[in-house]
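Participant: My structure is below; once you've seen it, I'll send some questions.
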Amino acid sequence: MTENRAVAFTEFGAPSVLHLVTLPVPAPGPGQVLVHVAAAAVNRLTWGYRAGGRALPDSVAPPYIPGMDLAGVIDSVGPGVSGWAAGDRVMAAVAPWLPDGGAQQEYRLVDIDQLARVPDGLALELAATVPMNGMTVRAALDILGLPAGSVLAVTGSPGAVGGYAIQLGGHEGLVVVADAAPGDVALVRGLGAEHVVPRGDGFASAVRALFPSGVDALLDAALVGPPALAAVRDGGRLLAVRPFQGETERDIKISLVLRRPAPARGRAGR
């Protein structure tokens, strides 16, 4: 192990700015492990970072390495690290706007409080899609704090955030109403939605046909915005995954849920 290849860019712009670079392999310090990355996901925040949508601290210099979600195998552990060992299958969410760079590199230092184990039998490529989307939904459900039996509506149900919301919401005893195009109905039902309504302009009226007073809360993963409010009961909750473009009504509380990786020490490994 002498090289750390990474997807990187030196100027912001379209996907064409991406290229491969070779960097030194970093060594883990106290409280860190070195992960040999098997897969790194691409998401909306990754696109925005590459396009220049975020101001970077002076400590971060090119080449910039994108990516937030990764999965792989621990290569080595830092001094004093316990509970983790070389060979452990792990996943993590990391911040690309630190000197260590993002997830899209062969070897990435990860603080142990950012790690989660990957169960045996789950492909690392699939595990790499879990961290940010899964943490977003976990944060959303924690914000809502709905008791079992409450009704949660979800837009964008076939997507990653929507899919996790259906599964985790059902696990907590919520009644989940999900939207779907005709070709996605079987998928959404398979995820555990108790009710499936058509996506699109008729979403709110279809929800009201099932629950005339409206649902207790709605996770708007599809960015429907103000038209989705009609599905929510008076005094209910709407959680948006992007800033909400509009005004609330009927005492509905609107909150933004956008989970980012926990800050890390960001020691430069190159």
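Participant: Return the Rg/Rh ratio of region 1-109 with Cα-based radii and a Kirkwood Rh.
Facilitator: Reported Rg/Rh (Cα atoms, Kirkwood Rh): 0.97.
Participant: In percent, how large is the relative contact order of region 1-90, given Cα pairs closer than 8 Å and 6 or more residues apart?
Facilitator: After rounding, I find 34 percent.
Participant: Distance in nm between label sites at Ser255 and Ala27, each 7 Å beyond Cα in the beta-carbon direction?
Facilitator: Inter-label distance under the simple model: 4.5 nm.
Participant: Moving to a separate point now. Using the Cα centre as the reference, give the magnitude of the dipole from point charges on the C-beta atoms of region 105-222 (Lys, Arg: +1; Asp, Glu: -1; all else neutral), rounded to the nearest 20 debye.
Facilitator: Values: 6 positive and 13 negative charges, 46 e Å.
So the dipole magnitude of region 105-222 works out to roughly 220 debye.
Participant: With +1 on the Cβ of every Lys and Arg and -1 on the Cβ of every Asp and Glu, and nothing else charged, how large is the dipole of the chain about its Cα centre, in debye rounded to the nearest 20? Numbers along the way, then the final one.
Facilitator: Numbers: 21 positive and 24 negative charges, 48 e Å.
My answer is approximately 220 debye.
Participant: Still on this structure, I have one more. Run through every distinct alpha carbon pair of region 85-124 and return the Kirkwood hydrodynamic radius in angstroms, one decimal place.
Facilitator: Details: mean 1/r = 0.0886 Å⁻¹.
Over region 85-124, the inverse of the mean reciprocal pair distance is 11.3 Å.
Participant: Spin-label point model (7 Å from Cα, Cβ direction): what's the Glu11 to Glu172 distance in nm?
Facilitator: 4.6
Participant: Something else about it: Amide H of Gly156: which non-local residues (sequence gap of 5 or more, or other chain) have their own amide H closer than 5 Å, using H built in the peptide plane?
Facilitator: It is Asp179, Ala222, by chain and number.
Participant: Using only the Cα atoms, what convex hull volume per residue in Å³ does region 205-251 have? Let's see the in-between values first.
Facilitator: Working: hull volume 3.1 nm³, N = 47.
Each residue corresponds to 66 Å³ of Cα convex hull volume.
Participant: Restricting to Cα pairs below 8 Å that are 6+ residues apart, what does the relative contact order work out to for region 136-256? Please round to a whole percent. Let's see the in-between values first.
Facilitator: Numbers: 248 pairs, mean separation 26.0, N = 121.
Relative CO of region 136-256 lands at 22 percent.
Participant: Please work out the C-alpha center-to-center distance from region 61-88 to region 122-199 and express it in whole Å.
Facilitator: Here the answer is 29 Å between Cα centres.
Participant: So, one more: Just to be sure I understand: if I project the alpha-carbon convex hull of region 14-68 onto a plane and average over all orientations, what area do I get in nm²?
Facilitator: That works out to 5.1 nm².
Participant: Give a residue-ordered list of calculated ³J(HN,Hα) values for region 167-175 (Karplus: 6.51 cos²θ - 1.76 cosθ + 1.60, θ = phi - 60°; whole Hz; x for Gly, Pro).
Facilitator: 5, 6, x, x, 4, 8, x, 7, 8
Participant: HN-Hα J couplings of region 88-105 from phi, Karplus 6.51/-1.76/1.60, θ = phi - 60°, integer Hz, Gly and Pro as x?
Facilitator: Values, residue by residue: 5, 7, 9, 9, 7, 10, 10, 9, x, 8, 10, x, 6, x, x, 7, 8, 8 Hz.
Participant: I would also like to ask the following. So if I place +1 on the C-beta of Lys and Arg and -1 on the C-beta of Asp and Glu, and nothing else carries charge, what would the dipole magnitude of region 49-187 be about its Cα centre? I want it in debye, nearest 20. Before the final figure, lay out each step's value.
Facilitator: Working: 6 positive and 14 negative charges, 33 e Å.
It works out to roughly 160 debye.
Participant: I've got another one for you. How high is the relative contact order of the chain, in percent, with contacts defined as C-alpha pairs under 8 Å that are six or more residues apart?
Facilitator: Once divided by the residue count of the chain, the mean separation gives 16 percent.
Participant: Report, by chain and number, residues whose modeled amide H sits under 5 Å from the one on Val118, excluding near sequence neighbours (fewer than 5 apart, same chain).
Facilitator: Arg89, Val90, Met91
Participant: Name the residues whose placed amide hydrogens come within less than 5 Å of the amide hydrogen of Val215, ignoring near sequence neighbours (fewer than 5 apart) on the same chain.
Facilitator: Correct list: Val232, Arg233.
Participant: A further question follows. May I ask you to give the percent of accessible area on the chain that is carbon plus sulfur, with a probe radius of 1.4 Å?
Facilitator: Here carbon and sulfur together make up 56 percent of the probe-accessible area.
Participant: Give the accessible surface of the chain per residue, rounded to a whole number of Å², with probe radius 1.4 Å and ligands, DNA and RNA excluded.
Facilitator: Working: 12200 Å² over 270 residues.
Each residue of the chain exposes 45 Å² on average to a 1.4 Å probe.
Participant: Let me ask something else. Rule-of-thumb check for region 125-270: C-alpha Rg over 2.2 N^0.38 Å?
Facilitator: For region 125-270, the normalised Cα radius of gyration comes out at 1.06.
Participant: Tabulate in residue order the Karplus-calculated ³J(HN,Hα) for region 72-80, using 6.51 cos²θ - 1.76 cosθ + 1.60 with θ = phi - 60°, rounded to whole Hz; enter x for Gly and Pro.
Facilitator: x, 10, 5, 8, 7, 10, x, x, x
Participant: Taking a quarter of the surface of the convex hull around the Cα atoms of the chain, what do you get in nm²?
Facilitator: Convex hull of Cα atoms, orientation-averaged projection: 15.7 nm².
Participant: Something else: Fully extended, how many nm does the chain gain between Leu126 and Ala51 (0.36 nm per residue separation, minus their Cα-Cα distance)? The partial results should precede the final answer.
Facilitator: Values: separation 75, 0.36 × 75 = 27.00 nm, distance 2.57 nm.
Extra length available between Leu126 and Ala51 comes to 24.4 nm.
Participant: A further question follows. Starting from 0 in steps of 5 Å, tell me what percent of the Cα-Cα pairs of region 170-225 lands in each bin.
Facilitator: In order of increasing distance, the bins hold 4, 19, 29, 29, 16, 3 percent.
Participant: Along the charge dipole of the chain, Cβ charges K/R +1 and D/E -1, which of Val196, Gly121, Ala221 sits furthest on the positive end?
Facilitator: Ala221
The values are calculated or read from the model by the stated rules, or taken from the named source; none is laboratory data. Values in this document were obtained by computation on a predicted structure and should not be read as measured data. Heads up, the Cβs are rebuilt from the backbone with ideal geometry, glycines too, and the neighbour counts pull from every protein chain shown. Side chains are part of the model used for accessible areas, which takes the heavy atoms of the whole protein and leaves out ligands, DNA and RNA. Shrake-Rupley method; radii C 1.70, N 1.55, O 1.52, S 1.80 Å.
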